[in-house]
Structures are given as C-alpha cells and as structure tokens.
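Take a look at the structure set out below.
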Amino acid sequence: MPEHITIEIDGTKVQAEAGTNVLQAAMDAGVYVPYLCYYPGMKSFGACRMCVVEIDGPRGTETAASCTVPVGPDMVVRTRTDDVQDLRRNIMDLLISEHPHGCLNCHRVDLCGPQDICLRHVGVNDRCVTCPKNERCELKDTVRWLEMELDTELTYNNRHLPQQVNDPFWDMDLNLCIVCGRCVRACDEIRGDNALAFVDRGGKGLIGTSIGTSLLESGCEFCGACIDVCPTGALVERDHKWDKAVTTYQSTCNNCAVGCQVKLEVDKRNQLIRTIGDLHGAPNQGQLCVKGKFGLEYVNDKRRLRTPLIRRGEDLEETTLTSALDFAAAELAKYRGEGFALIASPRHANEDLYIAQKFSRVVMESNNVDVSSNLRPELFPALGEMLGYPAATNTIWDLELAKSFLVVSSNMTEEQNVTAIPIKKALKTGAKLLVIDQRETELTRYADLWLRPRPGTETALIGGMLRVIVDESLDDHEFLSKGVNGVTDFKNSLWEFDLMQVEQITSISREQIQQAARIFVENGPGAILYGLETVEPVDRDACVRSLIDLAIITGSVAKQAAGTGLYPLYAGANEQGARDMGCVPSHLPGHSLVNEESAIDRFNREWATVLPSNPGVGVREITEKITSGQIEAMFLLGNSENFKNGTMGEFIDALGDLKFLVVADTFASEITEVADVVLPAATFAEEQGTFTNMERRVQLTQRAITAKGEEDSAWRILGQIARRIGVNGFDHPNSEDVFEEIRGMVALYGGITHERLAKGGVQWPCPAIDTSESSAPHTEGSQDKLSLTPIEFPEPQGEIDPSSEYPLTLAHGRVLREPDRKMEIDLVDKRNIIVREEILEVHPEDALVLGLSVGDVIDVVSERERIRGVVDTTSPLKGVVSTTTLFGSRLLDINQGATPDPMIEFGALPLIPVRIEKVAAQPIEAAAD
Amino acid sequence: MLCFVKNFAIPGARDLTVANEDLRDRIRQAIKRQERPTVTVLSSLLATQDEFGYIPREAIEEIAVYTGASTNDVWGVASFYKNFQFTEPNEHVIEICWGPSCHIMGAPEIIEEAAEVLGIEGEGDSVDGKGTLRYNTCLGACARAPVISIDHQLYGRMTAKKAVEKIKSL
C-alpha cells in the first residue's frame, strides 16, 4: 500500500497518497480546482497557472500552482480565497487575450445563436456557438466557473492563422489554441509518437509539426489522443464537427481485440457522432487508435441494409422480415447435418456467437461453425494444454511494468494498437525490446535487437535462444526445480539446436542469437507477445510451444507479476469470446472439445439434444469443402476482409456453388450479391452485448442508437429461425437472458453478471459472484505442475522452386515515418496526399540472378496486387523482397476509398509469394553517378 | 506574424524539399564530426549551421534520424532559437549591435542607413544576394560602441557613413 499523508484542503482533513500533487489530491477529495494544462495520467506541466492555490507549507504561506507541488505533511491548502480567485481571473485575462473571448464572459452565452444580433459586437466567426467544441470547451467552463466580469482590460489579439484542414480526420485551428501543451505531451508521454511539438518561442510559441508539414509526414498515427485532451476548439474531429451530443453511452469498441472502453456520443438525430476513449477503461486507459476514434462512423452510413432481401430468380427483392425468416427457416431445415456451415464475424458479441454455435450444433446438427478471423487458431491450444487456459496470461497494462519484451511476428501497432502503448512507455524507462519479424514495422524502430530470420525458421531461432539460455545457465533454476515437469526431456531436446546449424538455416548470426537470449533474460523475466502473422501455419503450433517453453524456463509465467507472461495477438475483436463461446469448429462452450464425452453429455442434457461429435470445418478449409460439394448451405453473419483477400482462397467464387446461402450483414457486398436471403444486421452500437478482449476481460456494449429499419442482432435473428424450424431453447427475451444462459454453461463466466459489468469489465476466470479479479490465473494455486514441451529441430525448408510462378517472398512492412527518405506532401482536392517513391529491397544474389541493379524500376507482382518501386540490393534474406510503406499512405487509401466500413480493410501484412517484373532500367543520369 | 505561417511563406522554402544526396552527405558528415561529450539535437543543429550557414530542411530530418528524436521535436528546438536560420544567407552577414551602449552612441542611425544601402527595411536579405542585415543585442564590445560586425569581424566606433562605406566595399 502506498504511504498516505494527511493534508488539509479548505478546512477539511483529507488523506492523499504520498507523491501525488496537491491538485490531484484536491480532486480526489472532491474539491474542484480549475486547471487547463494538467491532465490526469500525464505529468504536471505548470503552463496555465490556473490551478494556483494558497499553501501553508514548509516554506511558509505561498501561492503556487497546485499541479506542481507534491503533497507534504501538515500542508494547509486554501483553494478558493478571494486573493486566489482574483489571481486566477487575472491569469485567465491573459490567457484569453489570444482566444476569441467575446462570448466567454458574456452573461447570455447559453442563449445566443450564431445569427443573433450581438450587442457586444462579437463577430460570427469569433462566437462560441460557432466553435466546434462549444459544448465541451474546458476554457469556457473555467471562465464561467471563475464568474469573470463582463470585460477584460486586454483586447483580443487575433492570430489570423489559416486553419489546417487538409489532413485526414483532423482539423486544427490554432487561433483557438491556448498553448497548454496537452496535445504535445499526450503525443509524447502517452503515445510516444512526438508527431506534435512546441514550435517557435515566446509570444509566437505554438504547437505544430516540423516546418509546418502534414501529419501524414510527421509520424502521426491518427489516434485522436490530442483531440480528446484539447481543452479548446483548436483540435477537433472533422466528421460531425459541429454536431452536439445529446447522450453519451459507455461501450466497447469492436474493431480489434483490445476492446477499448469508449464513450459513444449520440446526437438528437440518433447518430453516433463521436467516440471518446474512457479514461477509466481498464484495457485502454483513455487511449484509442484510428480504428476506434474514426472508424465507427459506419454505423450511421446511409448505405446500411435496412430491409430483408430475398432472391427471386436473378434479383434480390425487398420483402418483409417475417417472409424472409419463414423462407430461410424452411430452406435451412432441408440442409441439417454436416452439409451446413455457419461463419460469424469476430465483431459479434458473445451472445451472438453463443447462439450462433448453438444454432449450428442444435438446430442444424453441424459442428461447422467458426468466426471469419480465425485463421491462426494455433495461437491458443498450446496455451491451454501447457498453462491451463487458452488465453493471454496477464493484462495489457501490466506490460508497462515489464523489463523486456519479445514480440514475434506481429504488427501490433496497427492491429492491436493500444497494446503497444504500455510497451512504448516501458521502453522509455529502459526496458528492452526484441523483435522477430521479416517485416519492418513500427516496433522494429524501437527494438534493441531486430532479428529477421529466413521465413519459416522462427521456431529454430527461438530454439537457438533456448539453447543459449540453458547453455549459459540463464534459466530460473529455482522455479524449474520446484514447479516444472519434463525439464530433462526438454533440455535433451535442445541438443539438436546447435547454434552453427541454427545460424545456417535462420541466417541470424550466432552472436545475435546469444545477444537476444541475454537481453531477454538479463532484463527480465519479460513479456512475450506473438502474432505469428508471417509464420507458416504448419510451424505455428511448434512456435507457440517453444515460446511457452521460453516463458517457463525464464520463470516468466511463475512470477505472476505484472510485466511477464504470454500474449497471443490474434486479429478478430471478439475471437477470444468466440473461443470461450465455442463458436469454433473444434470446441464447445467453455473450451471442451467437441468429442469429449463428458462435455457432450452435459450439453446434450442442458440443451435437450444430441450433439454431433465430429470436429467441424473451420474457415481455413471451408472454401475447399464448398467447392467439393461437402457443404451445401451456409449462414454468414457479417462480412470480412478475409473473404476476398485470398487468405481463405477463392471464397467469394465458391459461394456460387452453394445451394442455399443466408447472409446477415450491415452492408450490401459481394457476399450479399450471391445470397438467397439477406437479413439486415444490427451493429454493436444498436444492441446490448458483451465482448471478451485479449486479456480475458468481459465488457459491455450498450444500445446507443436505435434501429432505423428491420436490422436486428444475430442472436435474435437466429433465435427466430430456430423457433420457426421448431427447436426449443432459443426463446431469450433480451441479451442479458442469453448471457445468463452463457453463465450457466461456461464455468469461467459463472460469476460475471450484468450488474458487475455495468461497473466495468470483469476478467475470467470468474466462477462465482464473489470471485475477485486475478491477473495471472494460469499458475495460481494450481496443484498440477507445469510441463515443458520438448521441441524438435524443424526440417529445413525446401528452397522455393525458382521456376514457379511466384519464386520470391514479399515482406511488406509499414511504419509511421521515415525521415531519411524523400517524400513530398501534395494538395489534391483540398486534401494532403503523400508522394513518395517506394524502395523494393532485393537480396544482392537474387538481383544478380534476375539481372537487376540499384535504381531499376520494377514491379513486384503477387496474385492480388502489384507494387512498383525502385530496386535497392539491401535485403538481408535471399529469396525475400522487402519493402516498407508509410502508414499514412494506407490511411489515405482507406479514407478515400468508397467502402462504408473501411477499417475492416486495414488488413494484416502476411508474407506473400511474388515475382519481379522489370519495368525500366535505371535512368542514365543516375547510372553515371 | 507567427512562425507557423512565416515558415510556409519563406520564399523558396519548398525548393529545399528537393532531395539532394550530396547535401545530405555533407549534413551527415557535419553531424558525425562533432566531438562533444554529449551529442544533442542542439549541438547537431549548431554543427549544421556552422557547415552551411543555415539549416536546410534535410538537416532537420537527418538530425532526427541521428539523434533518435522526431523531426517535430528537432524543429521545435530549431525554431526556438533566433540564431538558427532556415534559408541560405547572403554572401555577407552584417550584424549591427543595438544594445543600450550602441543605441546611445548612434546605432539607430547606422541601422537606418545600412538598411537603405542594402535596399531593405530593417533585418533581412538584400535582393542582390550580397548582404544580410541582422540586429544583435550585444556584440560584447560596449567600450567601442557603436559596433557592427561584418562576417564575424568586429568594427568599433562606427558612424553611419563609415558603415555604409564598408557595406558598399563588400
């Protein structure tokens, strides 16, 4: 427990944690002290001086900015004396002398409209009502609270600066800036991006970017943190800029697995206008990423499906919900059995996923049920077998306390963006980062050691690290001797990992492998985060096992402490929930296998049915099974980028082979075009539900907007069809009732109630109402010892046949900025765009074979795309072409694309087979250099 | 006017975006030559200014890469100090001290006449590319006030007439 100090604030004795500042102590005690530059969670800055208070302290009575004074024993603080209030008003006079303030201290500001005749001669442009942050302006609130007189002696000095409105999502009007520096500090302290800085000096000092360039060049990740902290209208979201929020709902973002807690602001026209990160949200602590901050606009889109469609001949025709459901039920009833498959989207709530798998298993008698993001299922089972639960061991913000990190093949700054924030914070305080990845990603820029093994040799590399750890006796002897089985077998298995051989197949030098092992162990035990995006499916399970071995022998899972553990980084938002709900082909709810007899018995009893016991078909095999005719009817809940990006094969084409297809989705797409019945689906903003995030935290979404048409949530649609087919057990009146059934069926969720969830997310395992949260349940009080798995030296991968159509591999990375590369920002249609030549790095030997020299223009061609760029012969891996593009370019593509729900297209960056086509030899002038 | 706009309005500022490997090499060498116990953003900016007489846009980027700071932070430091300039200076730099001693001894008149002979109003670059006029708060030679410096060479006990002659003879 932290030490507490008693101080007196306005005559009341309060307890304050030692080390906090007086301002925070006052706020914690419920005493309001005005402030503009301080922000909870950030360091004190002392720029605005608004928080001045009178303090009787060790230095006698002084008037000091309370945000910069730490609490001390026997302090007496007076926050609202006349002197202090006068001082604050004077300070505010100075502050607002460069902010339009005609309205700020006007007595009728709340009554004024933009067009009203103004007796105070405030121009329309300078009025509060025309400011986008009018309803949430901290400056205005502070002026009102100070009860300032009608006039200030200082005249308003308009800066007359042009507005910056050319970057995506984000508008900046520096005429409203009070230079509190919150945005600069949020970008630096919290996000670690430094995309904004203080520029110039003195009276001219403001915030800005390098040489006033675009955010696209300055390294911005468009997370919107600066907008959320800005106390004035200087930084605002462009969408719904002037819209006024009527209600705010607490909810959970469903664009990735972090499950950020958000406040959804809804206006009077039933539109979701803004998303603001919840400062008290456990997974995100107020932070969001571009997908959450700006990517939820799709719920308002006019192109949303609102009425059911039914196929009549070639065309889809609008129909009533009843007839669509009747038709779907009648048709689906013909395909009961293993010819049916259901694919849900990871954006669905636990309730939807639970009912989806129950529908598939009980109504349709088929285990072919999966979520569309489940393309890397190998990330989980080994965790379950070796550590007890198929899920991450620790929480996201535990990472802040880690001393070393190993990130294996994951582009987490894009895919699980907020997870990278605690990592970047820890790195600032001296933690070490190892990255194993062929692609250059944002994290590789921060890495102390970035290892680029030859594709398919990650397991060998990790084996090499394990060997070094054992050889150099860096393992946690005490833990291994007490709590671990199979140590000898495991150590014996490492004999195969001769470093010479490892070096040969991975192309990582021995010294680097040793260095990696030492960095990880000597600073640790550390946290291991793995996405295995670039690892071949056949290698993934072995790779996960070797990583768990690494966590065990370094004692990382034993400590149960913050800053250790294993984190699988999967793609879908509620993929953990899908796994817990049994919305996967291999498992029933609660992680029991579909052919486990005791589990089948229990579910047969509870659901009054006879469950199929053959493991079902998952998304990875589904295309093949459709083409071969084994699957005849399908139910698709929601769309996915995976349907068309080739990771599931020619899935869209295969859908044509189906005899019957029902799609429940929010937008018309390629999949609705071939459907027989299309049902409009509700989004997360229109239905209450629960989502389970990557740290096993179950969190609520609330109904924020009401349905405008017939759209409904998946569990209700499926329930109605089930009832029509004549199966009982689908009569849930509301989503809470579905959750009650889940609680009963999934022991891990047993103690999680809506009552508890309303106060904040609850982590499983939570078997009973009185179970408190535990961060690392995997080893807690377990009677069983952990086991190490012996690892096998992977077979060296055969060289890719040079005569094949795509003989090379493309490692495509993405970073926020590359200041040493030439780029320009051009203005096209009032929007900034990036103009940059891409560099394609080829291995010198490959270049020799292909007859390429530095400076040649080539196309890298894969099955689905073509990238043009200039050759450089700097790739460290033979057979691998690598290129690094800018996050900003991808963002522009997405922002300017026509799709209504662009964030699902953000997409992972897998290794893809490519070939090179020469476009032009290097220009003659360049050759002469 | 504020910095943000000012830098957009620097004539020819966009020309500096042209990537120039020779220039970048010179910048890199200048930064790497530093022999200070600690190499900082500021010292790297100084090294660049010493090398070129100004700070090209590429230097902001190269220093960011070299020191591990973001370009924005480097720019924050660079734009804070008056002594850094971001356009190529003219051939000769004429600094006129306008500290209290020099002011009393007649600096205002020297400034006026020097600006007139350079064809500018106050601080700035002359159009012919010959001279750049800057004010200096103190050149540290008050005993010899009024003082001007031409290309870091001090000239004391100036008069407007002598200063104009010196400038004309450049």
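The values are calculated or read from the model by the stated rules, or taken from the named source; none is laboratory data. Everything quoted here is computed from the prediction, not taken from an experiment. All Cβ positions, glycine included, derive from the backbone under ideal geometry; neighbour counts span all protein chains shown. With ligands, DNA and RNA removed, areas are computed over all heavy atoms of the protein, side chains included. Shrake-Rupley method; radii C 1.70, N 1.55, O 1.52, S 1.80 Å.
Selection over region A:176-198 of residues that are out of contact with any strand residue (DSSP E or B) (no Cβ under 9 Å at 6 or more places or on another chain), facing another protein chain (nearest Cβ under 10 Å) and open to solvent by 20 Å² or more (accessible area, probe 1.4 Å) gives a count of 1. Give the residues of region A:685-722 that are open to solvent by 10 Å² or more (accessible area, probe 1.4 Å), out of contact with any Leu (no Cβ under 9 Å at 6 or more places or on another chain) and in a helix (DSSP H, G or I), sorted by residue number. Those that are open to solvent by 10 Å² or more (accessible area, probe 1.4 Å), out of contact with any Leu (no Cβ under 9 Å at 6 or more places or on another chain) and in a helix (DSSP H, G or I): A:GLU686, A:ARG716. Got a number for residues in region A:646-684 being touching a residue at least 40 places away in the same chain (Cβ under 8 Å) and in a strand (DSSP E or B)? Total meeting the criteria: 10.
Checking each residue in region A:871-899 for being at pLDDT 85 or above and open to solvent by 30 Å² or more (accessible area, probe 1.4 Å) picks out A:ASP872, A:THR873, A:THR874, A:PRO876, A:LYS878, A:SER889, A:ARG890, A:ASP893. Tell me yes or no: at least one residue of region A:32-52 is surrounded by 18 or more Cβ atoms within 10 Å (Cβ to Cβ) and more than 30 Å from A:THR232 (Cβ to Cβ). For region A:32-52, residues surrounded by 18 or more Cβ atoms within 10 Å (Cβ to Cβ) and more than 30 Å from A:THR232 (Cβ to Cβ): absent.
Checking each residue of region A:423-433 against the condition of being in a strand (DSSP E or B) and either open to solvent by less than 20 Å² (accessible area, probe 1.4 Å) or at pLDDT below 90 (or both) gives at least one match. Counting only strands (runs of 3 or more DSSP E) wholly contained in region A:263-344, the ones carrying 1 or more residues that are open to solvent by 50 Å² or more (accessible area, probe 1.4 Å) and in contact (Cβ under 8 Å) with a residue 24 or more places away in the chain occupy A:309-312, A:315-318.
The number of residues in region A:219-262 being closer than 16 Å to A:GLN164 by Cα, in a loop (DSSP other than H, G, I, E, B) and within 14 Å of chain B (Cβ to nearest Cβ) comes to 2. Looking at this structure, is A:VAL860 touching a helix residue (DSSP H, G or I) at 6+ places or on another chain (Cβ under 6 Å), open to solvent by less than 10 Å² (accessible area, probe 1.4 Å) and closer than 23 Å to A:GLU442 by Cα? Answer is no for this residue. Quick one: is B:GLY76 within 26 Å of A:GLY212 (Cα to Cα) and in contact with a strand residue (DSSP E or B) (Cβ under 6 Å, 6 or more places away or on another chain)? Yes. On inspection, A:GLU741 does not qualify as modelled with pLDDT of 90 or more and either under 30 Å from A:ARG269 (Cα atoms) or outside any helix (DSSP H, G or I) (or both).
Put simply, of B:SER43, B:SER79 the only residue that is touching a residue at least 60 places away in the same chain (Cβ under 8 Å) and farther than 24 Å from B:ILE148 by Cα is B:SER79.
If you go through region A:27-86 and keep only what is in contact with a helix residue (DSSP H, G or I) (Cβ under 8 Å, 6 or more places away or on another chain), under 14 Å from A:ALA16 (Cβ atoms) and without any contact (Cβ under 8 Å) to a residue 60 or more places away in the chain, you end up with A:VAL33, A:VAL53, A:ILE55, A:SER66, A:CYS67, A:VAL69, A:PRO70. Looking only at residues of region A:199-218 that are more than 7 Å from chain B (Cβ to nearest Cβ) and in contact with a Phe, Trp or Tyr (Cβ under 7 Å, 6 or more places away or on another chain), we find that the one that is surrounded by the fewest Cβ atoms within 10 Å (Cβ to Cβ) is A:GLY205.
Could you please give the count of residues in region A:801-837 that are within 14 Å of chain B (Cβ to nearest Cβ), surrounded by fewer than 17 Cβ atoms within 10 Å (Cβ to Cβ) and part of a loop (DSSP other than H, G, I, E, B)? Of the residues in region A:801-837, 4 are within 14 Å of chain B (Cβ to nearest Cβ), surrounded by fewer than 17 Cβ atoms within 10 Å (Cβ to Cβ) and part of a loop (DSSP other than H, G, I, E, B).
In the set (1) among the hydrophobic types (A, V, I, L, M, F, W, C); (2) farther than 30 Å from A:ASN374 by Cα; (3) out of contact with any Ser or Thr (no Cβ under 9 Å at 6 or more places or on another chain), the condition left unmet by A:VAL502 is number (3).
Considering only residues in region B:44-73 that are open to solvent by 10 Å² or more (accessible area, probe 1.4 Å) and of a type in the set (Ser, Thr, Tyr), the one that is nearest to A:SER214 (Cα to Cα) turns out to be B:THR71.
Per this entry, B:THR38 is not counted among residues that are of a type outside the set (A, V, I, L, M, F, W, C) and modelled with pLDDT of 85 or more. Of A:ILE508, A:ILE519, A:ILE469, all but one fail to be in a loop (DSSP other than H, G, I, E, B), crowded, with 16+ Cβ neighbours inside 10 Å and either in the same structural domain as A:LYS432 (by TED's automatic domain parsing) or of a type in the set (A, V, I, L, M) (or both); the exception is A:ILE508. The residues of region A:129-163 that are open to solvent by 50 Å² or more (accessible area, probe 1.4 Å), outside any helix (DSSP H, G or I) and not β-branched (Val, Ile, Thr), listed by number, are A:GLU147, A:GLU149, A:LEU150, A:ASP151, A:GLU153, A:LEU154, A:TYR156, A:ASN157, A:HIS160, A:PRO162, A:GLN163.
Rundown of residues vs (1) more than 14 Å from chain A (Cβ to nearest Cβ); (2) basic (Lys, Arg), yes/no style:
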{"position": "B:GLN85", "(1), (2)": "no, no"}
{"position": "B:GLU112", "(1), (2)": "yes, no"}
{"position": "B:GLU121", "(1), (2)": "yes, no"}
{"position": "B:GLY131", "(1), (2)": "yes, no"}
{"position": "B:ARG144", "(1), (2)": "yes, yes"}
{"position": "B:GLY156", "(1), (2)": "yes, no"}
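Is it true that A:ASP167 is surrounded by 18 or more Cβ atoms within 10 Å (Cβ to Cβ), part of a loop (DSSP other than H, G, I, E, B), among the acidic types (Asp, Glu) and away from every other protein chain (no Cβ under 12 Å)? Yes; evaluated as a whole, the condition is true for this residue.
Residues that are open to solvent by 30 Å² or more (accessible area, probe 1.4 Å), closer than 16 Å to A:SER509 by Cβ and either at pLDDT 95 or above or not in a loop (DSSP other than H, G, I, E, B) (or both) within region A:435-458 comprise just one, A:TRP450.
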